[in-house]
Amino acid sequence: MDRRIVGFHQDGEGHWVAELDCGHNQHVRHDPPWMSRPWVVTPEGRAGRLGAVLECKKCDQGAPPDRST
Ligand SMILES: [Zn+2]
């Protein structure tokens, strides 16, 4: 299901996590050459992705929200 990015935070290992408007979180790792998301490591890049759409597999699975807000 397509969901919009409403924010970002870092997990305990420093990987970036997108916060989606459905209440789910989704990792958006920059781990080249496997996962190349150079935009995620800069504040400007992340700000530019606010409102962008990610496919939320947790919604497809009916998973409970990762956060309450
Ligand atoms: Zn979701």
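Quick look at the values:
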item	result
Residues within the range 43-69 that are touching a residue at least 24 places away in the same chain (Cβ under 8 Å) and touching a Phe, Trp or Tyr at 6+ places or on another chain (Cβ under 6 Å), tallied	1
Of all residues in the range 20-69 being within 16 Å of the ligand (Cβ to nearest atom) and more than 14 Å from the chain's Cα centre (by Cα), the one that is surrounded by the most Cβ atoms within 10 Å (Cβ to Cβ)	Ala63
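Here's the yes/no breakdown for (1) more than 27 Å from Gly62 (Cα to Cα); (2) out of contact with any Cys (no Cβ under 8 Å at 6 or more places or on another chain):
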| position | (1), (2) |
| --- | --- |
| Gly7 | no, yes |
| Gly12 | no, yes |
| Cys22 | no, no |
| Trp34 | yes, yes |
| Pro38 | yes, yes |
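No lab work stands behind these numbers, since they all come straight from the coordinates. The structure displayed is predicted, hence computed values, not measured ones. Cβ sites come from the backbone with ideal geometry, for glycine too, and all protein chains shown count toward neighbours.
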